[in-house]
């Protein structure tokens, strides 16, 4: 395997030149990376291809091109790998008719592990009080914890979690993050996907960022943060006398470009805060009323697109 | 086998939960109720003939296909619809074992419901005429036809979210219509497999049913063999599909 920030040492999962397309739509494009022990965050906006990649790692999807190996084997050819690999899917894939205890016992029976693990796994996700109630009555957060517990009951070496914090409240979130970090510190390979940077930042030591099916950035969280520090933001400004303000703005160091569109200005800047201070001053000097100042392009998706363009 | 029986337990709860069992109960009451009233004023010698007319037709042409369709299609189809199929497939189990457990569950539930219905109908013959020899054959016939039907509908349920609708068209247009009208097509009719098992074991000549069997020879052994072959082919095909197809 190639060296670099996308590749982990002591890899348990190896992704080599993997592509996946559904008809005309390319979900993952020529992606190579690896995952090893510890907690890795898979970051990207919705539709980036994270779930497709995770499902290929688990053998639920066949790569259109390239290869996936988990613990040295192709999961689609060797189901015995599922004794050591578990997935917590994003969707509500739970049996509503079962209680959490029955659900976990079912997972244990299917994997061939002792049912004695059930109580332990329930305690790990703090679900003991509701363990004998049907899952159909659970909140979204409780269902998420039940799914995590069902994965933990088999004590997997590789744990893949697709947006596991969706629907959880802050207390549950903190508990799950601590749990994932604990598993990673035991030497397990834990992969957590998310579209929320702050979430990944709290738990992952290493991050792979995806957008449009490609790897946009890889490395530790600090490196990702640094890469995002000089991203230009697009700001919409509504001001009287837009032509005069536009020429004044172009003289400012933090302003990259200005485009006039009717009564509005579209300003590209690398420093939102500085622009926020400069604009009122320029408007006051020109005697023009500033009526609007709004970042147009602040979504995580645009940040990732920027990272992809830089590569 | 621990995984097999775990899937069976949960699948039976899925299939027989909610209002389904109550609806099937009402449907299943039809044959014994019809038998009870149609044989009320008959002489003892004619009671068994009465059983071989309307009640048998209701069991094999209506109750059995409908129950097998809903349960067979639901056994895998419900898992796909609910997104729980990945929970079963991400296990160190052969895919054919998953398919086999699903078919076994649907067959067990269908045979339990329709077998009770048909058995009660045959029991009316015993009560009215003292002849209990129809109970065993009709139970076997139901079990055999249920296996063939559940297998076919499980595969259909895996492929299509509209399996019940497609299955109803199949049952009422093909099985009860086209194949019933043509003796040459009788060999590809699933309900005739069950009826041939029943006729092969039931006492006395049953002329009316013999006619509708067409080219299908009565006999339990052949019927069981046909149903087992269909089930084995479906399990192998479903196992291969579960292994090869993407689960999006």
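Quick one: in segment B:60-91, of everything that is outside any helix (DSSP H, G or I), free of Cβ contacts under 8 Å to residues at least 24 places away in the same chain and on the phi < 0 side of the Ramachandran plot, which residue is surrounded by the fewest Cβ atoms within 10 Å (Cβ to Cβ)?
Our first condition is that a residue be outside any helix (DSSP H, G or I); within segment B:60-91, this holds for B:83-84, B:90-91.
Among the residues that remain, those that are also free of Cβ contacts under 8 Å to residues at least 24 places away in the same chain are: B:83-84, B:90.
Retained after the next criterion (residues that are on the phi < 0 side of the Ramachandran plot): B:84, B:90.
Details: B:84: 20, B:90: 26.
Out of the qualifying residues, it is B:84.
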* Conditions (1) closer than 20 Å to residue A:6 by Cβ; (2) in a helix (DSSP H, G or I); (3) touching a helix residue (DSSP H, G or I) at 6+ places or on another chain (Cβ under 6 Å); number of the one not met by residue A:244 -> (1)
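Got a sec? Which helices (runs of 4 or more DSSP H) wholly within segment B:167-248 have at least 3 residues that are within 14 Å of chain A (Cβ to nearest Cβ) and surrounded by fewer than 16 Cβ atoms within 10 Å (Cβ to Cβ)? Break it down into steps so the answer makes sense when it comes.
Details: elements: B:190-201, B:207-213, B:220-244.
The helices (runs of 4 or more DSSP H) meeting that bar are B:220-244.
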* Structure fact -> The condition from (1) surrounded by 21 or more Cβ atoms within 10 Å (Cβ to Cβ); (2) under 26 Å from residue A:215 (Cβ atoms); (3) away from chain B (no Cβ under 11 Å) that residue A:100 misses is numbered (2)
* Unmet requirement for residue A:198, which otherwise passes all of (1) part of a helix (DSSP H, G or I); (2) under 29 Å from residue A:152 (Cα atoms); (3) touching a strand residue (DSSP E or B) at 6+ places or on another chain (Cβ under 6 Å) -> (3)
* Those residues that are touching a helix residue (DSSP H, G or I) at 6+ places or on another chain (Cβ under 7 Å) and under 15 Å from residue A:48 (Cα atoms), I need them from segment A:199-227; list them, please. => A:207, A:209, A:210, A:211, A:212, A:214, A:216, A:217
* Structure fact -> Sole miss for residue A:15 among (1) surrounded by 19 or more Cβ atoms within 10 Å (Cβ to Cβ); (2) touching a residue at least 60 places away in the same chain (Cβ under 8 Å) is condition (2)
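With touching a residue at least 60 places away in the same chain (Cβ under 8 Å) and over 22 Å from residue A:197 (Cβ atoms) as the only criterion, which of A:244, A:236 stands out?
Values: A:244 fails: touching a residue at least 60 places away in the same chain (Cβ under 8 Å).
Just a single option satisfies the conditions, and that option is A:236.
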* Within segment B:1-59, considering residues that are farther than 23 Å from residue B:124 by Cα and in a loop (DSSP other than H, G, I, E, B), the one farthest from the other protein chains (Cβ to nearest Cβ) -> B:19
* Select from segment A:186-198 the residues that are over 19 Å from residue A:50 (Cα atoms) and touching a residue at least 40 places away in the same chain (Cβ under 8 Å) and write down the one among them that is surrounded by the fewest Cβ atoms within 10 Å (Cβ to Cβ). => A:187
* Among residues of segment A:79-95, those that are facing chain B (nearest Cβ under 8 Å) and assigned to a loop (DSSP other than H, G, I, E, B), counted -> 6
* Consider residue A:41 carefully, then state whether it is at pLDDT below 95 and more than 14 Å from every other protein chain (Cβ to nearest Cβ). => yes
* Which residues, taken from segment A:61-78, are in contact with a strand residue (DSSP E or B) (Cβ under 6 Å, 6 or more places away or on another chain) and outside any strand (DSSP E or B)? -> A:63, A:64
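So which of A:143, A:117 ends up being surrounded by 14 or more Cβ atoms within 10 Å (Cβ to Cβ), at pLDDT below 95, assigned by TED's automatic domain parsing to the domain that holds residue A:82 and closer than 24 Å to residue B:93 by Cα?
So the residue among A:143, A:117 that is surrounded by 14 or more Cβ atoms within 10 Å (Cβ to Cβ), at pLDDT below 95, assigned by TED's automatic domain parsing to the domain that holds residue A:82 and closer than 24 Å to residue B:93 by Cα is A:117.
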* **Number of the condition not met by residue A:141 [criteria: (1) out of contact with any helix residue (DSSP H, G or I) (no Cβ under 6 Å at 6 or more places or on another chain); (2) more than 29 Å from residue B:16 (Cβ to Cβ)]** => (1)
* Asked: Quick one: residue A:73 ticks every box in (1) closer than 22 Å to residue A:28 by Cα; (2) more than 8 Å from chain B (Cβ to nearest Cβ); (3) crowded, with 22+ Cβ neighbours inside 10 Å bar one, so which box is it?
  -> (3)
* To do: Output the residue which, of all residues in segment A:257-273 that are free of Cβ contacts under 8 Å to residues at least 24 places away in the same chain and more than 30 Å from the chain's Cα centre (by Cα), is farthest from residue A:233 (Cα to Cα).
  => A:262
* Asked: Is it true that some residue in segment A:162-182 is within 13 Å of chain B (Cβ to nearest Cβ), at negative phi and outside any loop (DSSP other than H, G, I, E, B)?
  -> yes
* Asked: Are any residues in segment B:92-140 in contact (Cβ under 8 Å) with a residue 24 or more places away in the chain, within 14 Å of chain A (Cβ to nearest Cβ) and outside any helix (DSSP H, G or I), and if so, which ones?
  -> B:93, B:94
* Structure fact -> Result of the Cβ filter at 6 Å on segment A:105-125, keeping first residues that are facing chain B (nearest Cβ under 10 Å) and free of Cβ contacts under 8 Å to residues at least 24 places away in the same chain and partners that are surrounded by fewer than 21 Cβ atoms within 10 Å (Cβ to Cβ) and assigned to a loop (DSSP other than H, G, I, E, B), at least 6 apart or interchain, is A:105/A:115
* Quick one: would you say residue A:148 is at the interface with another protein chain (Cβ under 8 Å from one of its Cβ atoms), crowded, with 19+ Cβ neighbours inside 10 Å, assigned to a helix (DSSP H, G or I) and in contact with a strand residue (DSSP E or B) (Cβ under 7 Å, 6 or more places away or on another chain)? -> no
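The values are calculated or read from the model by the stated rules, or taken from the named source; none is laboratory data. From a predicted model like this one, the values you see are computed outputs, not experimental measurements. Virtual Cβ from ideal backbone geometry, glycine too; neighbours counted across all protein chains shown.
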